[in-house]
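Before any comments, here is the structure.
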Amino acid sequence: MRRSRIPSLSPRVPTLDTRKVKPPPKRADPHYQTAEHQQWALQVKKRAGWRCEYVENGHRCERSREKGDQMYADHIQDVRDRPELALDLSNGRCACNSHNTRAGIQARANRMRS
Ligand SMILES: [Zn+2]
């Protein structure tokens with residue numbers, strides 16, 4: 001991807017995002033593009049039976065691929081904090097869109113606190 005060297009081409013007014021829950025920013029980390037990561041993500045989702053593994057109030061999230069939800073493989077410990085666990089299956093968790101987004105926000109909040 002090439003960045004424009006001409007600053008005047010960038011919009012002067014930032015686009016207002018009115019969505020309540022913002023998706024995590026597009027990650028530039030090239031790790032997410034690798035075949036190794038794709039394979040890791042597939043294993044994590046298969047292991048979970050393609051169902052969200054988040055538990056709230058003792059009740060596991062009901063969302064699953066079977067029910068038509070998009071599933072994501074989520075790192076329990078963020079790759080930016082623990083890059084050595086990036087391909088560790090024990091650091092993987094299958095999450096629905098809503099829980100995947102929440103985990104990203106939480107990870108960012110933790111980093112800002114520390
Ligand atoms: Zn969920």
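Throughout, read-outs are computed from the coordinates displayed, never taken from laboratory work. Please read all numbers here as calculations on a predicted model, not as lab measurements. Positions of Cβ are backbone-derived with ideal geometry, glycine not excepted, and every protein chain shown enters the neighbour counts.
Tell me which residues come under 5 Å, amide H to amide H, from residue 74 once H is placed; ignore anything under 5 positions away on its chain.
HN-HN under 5 Å from residue 74: 93, 94, 95.
Based on alpha-carbon positions alone, could you give the equivalent ellipsoid semi-axes of the range 50-114 from the gyration tensor, as √(5λ), descending, whole Å?
Semi-axes (√(5λ), whole Å): 22, 14, 10.
Which of the GluC sites (Glu not before Pro) across the range 48-114 are loop residues per DSSP, with 14 or fewer other Cβ within 10 Å?
62, 66
How large is the dipole of the range 58-105 about the Cα centre if only Lys and Arg carry +1 and Asp and Glu carry -1, each at its Cβ, rounded to the nearest 20 debye?
In total the dipole reaches around 180 debye.
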